[in-house]
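One structure is given here, and the rest of the page talks about it.
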Amino acid sequence: MNKKLAMMGLGVAVGSMMLVTSVYAGVGDAPGYEAFKSAFKETAKVDNVTRQVNVSLQDNGAQLLNVKSTIKSSGKNQAGSAEVTVQSGEEQQTLQFYNQDGKQIVKTGDSDVYKVLEGDGMQGKFKDHERTGHTPDPQVISEVENVVDALVGNLKNYVTMDAKAGNAKDIHFKLSGSQISPVVNTIGSLVIKHGTVENNERPLPAKADSLGVDVTTLKNSLPQLTSDIKMDEVEMNASVDADNHITNQTAQIHISGKDAGGKTHDVVLSVDMTLSSLNSTTPDTVDLNGKKLETVKFDENSRKNWGDNK
């Protein structure tokens, strides 16, 4: 995906980075950390599930961006569906995606045309992605854990757990100020800075080149932080059911910094992820009979437009 399109998921990316940091923060006998790590791994094994992911972004108290998505995956034949709504100011965009019968289909809310994606090697890309997602190399996982452990140190002591009825549990994690590792803060600041600052040498793609998504609207909704960027507070809460699955996980990250004009920004990123219908999800499908269809071919040029240089 094009770097500018990826800004739509910047909040998720930053939030995920900090969530992973908290998940693998240190090794030892801390009950909260061990319980969270165990539930995280058990949940990752489930490939038939409905995920609801909501992301909101505020700047100095004003709502900038609100993304709501429902993603359904069956775990068989790469079948799945997704519906995403992006609210930026007065602008709202919706996107529906279907992966059915070996086809990838996209429809935007401002059009009655269903775009069927075609291209050499496209099916292979989806299959390779699925194999990568569901058959991780244990050695790679172990190495990643070791690297993160070395970066964040002894944060395991900040993970707490409350036991609930029926072997369920709530797990909490909160850091602020000097509790946040300087290394993690530096890495996070670099990600934020380079992810939001406009690269004037590369123009934003037109709607026709982004499957109908208006990237300009998304880009303009994000504060362009350039200096004094730091994470002031990170908080995470997770609910784990009796089967050791994380059914809900929320995170809130407070970020401060200045833009090129010297204005101070206090940015709050909130992420809410809910899992439901585990092992009983049926993805949505669309009957293309009688629908307006447009075939979108992904050749070498279109892959470059989307940032895929492979």
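The values are calculated or read from the model by the stated rules, or taken from the named source; none is laboratory data. Since the structure is predicted, the reported quantities are computational estimates derived from the model, not experimental observations. Counting neighbours? That spans all protein chains shown, and the Cβs are built from the backbone with ideal geometry, glycine included. Protein only, heavy atoms only, side chains kept; ligands, DNA and RNA dropped before computing areas. Shrake-Rupley method; radii C 1.70, N 1.55, O 1.52, S 1.80 Å.
First measure r as the distance between the Cβ atoms of residue 265 and residue 289, then evaluate 1/(1 + (r/R0)^6) with R0 = 41 Å and state the FRET efficiency to the nearest 0.05. Working from the Cβ atoms, E equals 0.25. Legend: distances between Cα atoms for 103/297; 72/292; 72/291; 68/230; 76/103; 41/68; pairs beyond 19 Å are 72/292; 72/291; 68/230; 41/68. Near residue 248, the amide H atoms lying under 5 Å from its own belong to 239, 275; only residues 5 or more places off or on other chains count, and H is placed 1.01 Å from N.
The order of the peptides 51-61, 238-248 by mean Cβ neighbours within 10 Å, most packed first, is 238-248, 51-61. Measuring with a 1.4 angstrom probe and ignoring ligands and nucleic acids, residue 49 comes out at about 0 Å² accessible. Residue 229 contributes an accessible area of around 30 Å² to the protein surface, as traced by a 1.4 Å probe with all chains present.
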